[in-house]
Amino acid sequence: MKTSNSVPVLILGGQENTISLLRSFGKRNIKVYISVRHNSLAIKSRHCHKVFTIPDGKTDGEAWQELLLFDERPELRGCVIFPGSDEAVDFLASNRRRLKKRYRIDCFRSGIHLAMLDKFKTLALAQKAECPTPAFFKIDIEDDVEKIIPGILFPIMVKPIHSHIFTKYYPSRKYFIAQNESELRHIVGELLGKKIEIIITEMIPGADDQQSAYFTYITESGEVLFEYTHQIIRRYPRNSGLACLTISRDLPETAEMGRRFFNGIGYQGMGHIEFKRDPRDGKLKIIECNPRMSAAQAVVTKSGLDMAFYIYDYLVNGKVTQTSKYRTGVRRWWVMLDILSFLELRRIGEITFMQWIKTVNGPPLVFPYFSLNDPMPFVCKFYGDISRFFKKKVKSLWLVRKGFPIQS
């Protein structure tokens, strides 16, 4: 029988989560290949054995079909495939039977995994599993907006049903927020004009620290490899952006609601679900579900729960390591985003400097890209951010000198 580190890994797509997986497998001397776009910082990791770059002009799915189904790559035969993006989940679910003949892949159910990429179906399944959700409405045509306007409260969110399609048009956004009826009609018209499927969901009020997440893996026989929960402390922008401070915590209610959802829909494989507590009724309500590793993977691993290896060990050796033990109080800190978050919250009187310092003071801390043992992803990220900042400033100064107005 092969040892647990003798089978290579292939990661499809991803960014921060893929870097975290590379580091997790790298420290165990497991050979890791990745297939990503040329701008993925995962390419810079010292733990990346080989990159199969997705060429411009091809979709991710087209490139992976060539790589895994049409070509014969002896080094990839029998490898364990991990999805790092929604596109990868779509590809694996759509080609599961053919892929399973050559590779080791997650024990998921294709139909359910594809439903997790569809925000409308996810919320509909949540209701069937008797899990609370925010109010939501599917919008097929612009006239559908007029039917719901009398019964909704603003501000309200306009979300894509499929995020990986939406980001092709809006790479820096996850959704839109409409403040009034006019904005809602404009946003809906713009998105439907691009043939983007959308839903409208109410915004759950309350601070960002009311948001939490549950991670698990359920085998084909129903055994649970691990359970993990964490809390989001801050996001930027407030109540709508990316998590900039996350902390590992034992949250029994979040875990129980996660179990209810996954068991209620007959889920198998890797699952990550997010909730927010609604102050109006005190209930945890489902935000979204990801059938893959998330951008917060680094804080999970730093907490001592190496879920990626547990999954690998199960898929390669059939070993079932059931655990929910991990270190609480570990924080994932996205420094620059959190500084912006602090400035935003201070402007509206929700935090002082000393209150902010207390939340980030002292170990254990983990960062999205930084690692002393694997520095290049962070170095390239920092250099790219600084370059873009100064290019933007130079352009602004040039426009001012030419007499052009600068938009804020």
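Readers should treat all values here as calculations from the given coordinates under stated rules, not as data from a laboratory. Computed from a prediction, not measured in an experiment: that's the story for all the values here. Methodologically, a virtual Cβ is constructed for each residue, glycine included, from the backbone with ideal geometry; neighbour enumeration extends over all protein chains shown.
Taking each of Lys168/Lys381; Lys27/Lys58; Lys121/Lys168; Lys119/Lys195 in turn, the alpha-carbon distance tops 24 angstrom for Lys27/Lys58.
If both residues of a DSSP beta bridge must be in the chain, then about 75% of such bridges are antiparallel. A protection proxy built from the mean count of other Cβ atoms within 10 Å ranks the segments 29-41, 129-141, most packed first, as 29-41, 129-141. Altogether, the Stokes-Einstein calculation at 25 °C and 0.890 mPa s, with the Kirkwood radius of the chain over Cα pairs as Rh, returns a diffusion coefficient of 109 µm²/s. Based on the alpha-carbon gyration tensor of region 255-353 and its eigenvalue square roots a ≥ b ≥ c, which shape applies: rounded if a/c is under 1.5, prolate if not and a/b is larger than b/c, or oblate? It is oblate, given that a/c is not under 1.5 and a/b is not larger than b/c. Peptides 351-358, 62-69 ranked from most to least packed give 62-69, 351-358, packing being the mean of other C-beta atoms within 10 angstrom over each peptide's residues. Of the residues Cys380, Cys79, Cys289, which exhibits the maximal mean-square fluctuation in a Gaussian network model of the chain defined by a 10 Å Cα contact cut-off? Among Cys380, Cys79, Cys289, the largest GNM mean-square fluctuation belongs to Cys380. P(r) tail, region 135-202: Cα-Cα pairs separated by more than 15 Å, 44% of all pairs. The alpha carbon gyration tensor of region 46-103 gives principal lengths a ≥ b ≥ c with a/c below 1.5, which makes the shape rounded. Distance from the C-alpha centroid of region 313-337 to that of region 9-33: 14 Å, rounded to the whole angstrom.
Percent of Cα pairs in region 301-358 per distance bin of 5 Å, from zero to the largest separation: 4, 15, 17, 13, 10, 10, 9, 9, 8, 5, 1. Annotation: peptides 359-366, 310-317, ranked by per-residue average of other Cβ atoms within 10 Å with the highest first, follow the order 310-317, 359-366. The HN-Hα couplings worked out from phi for region 315-331 by the Karplus form 6.51 cos²θ - 1.76 cosθ + 1.60 (θ = phi - 60°) are 6, 8, 10, x, 7, 9, 9, 8, 7, 9, 8, 7, 7, 8, x, 7, 10 Hz, whole numbers, x standing for Gly and Pro.
When +1 charges are put on Lys and Arg Cβ atoms and -1 charges on Asp and Glu Cβ atoms, the dipole computed for the chain relative to its Cα centre reaches about 1400 debye.
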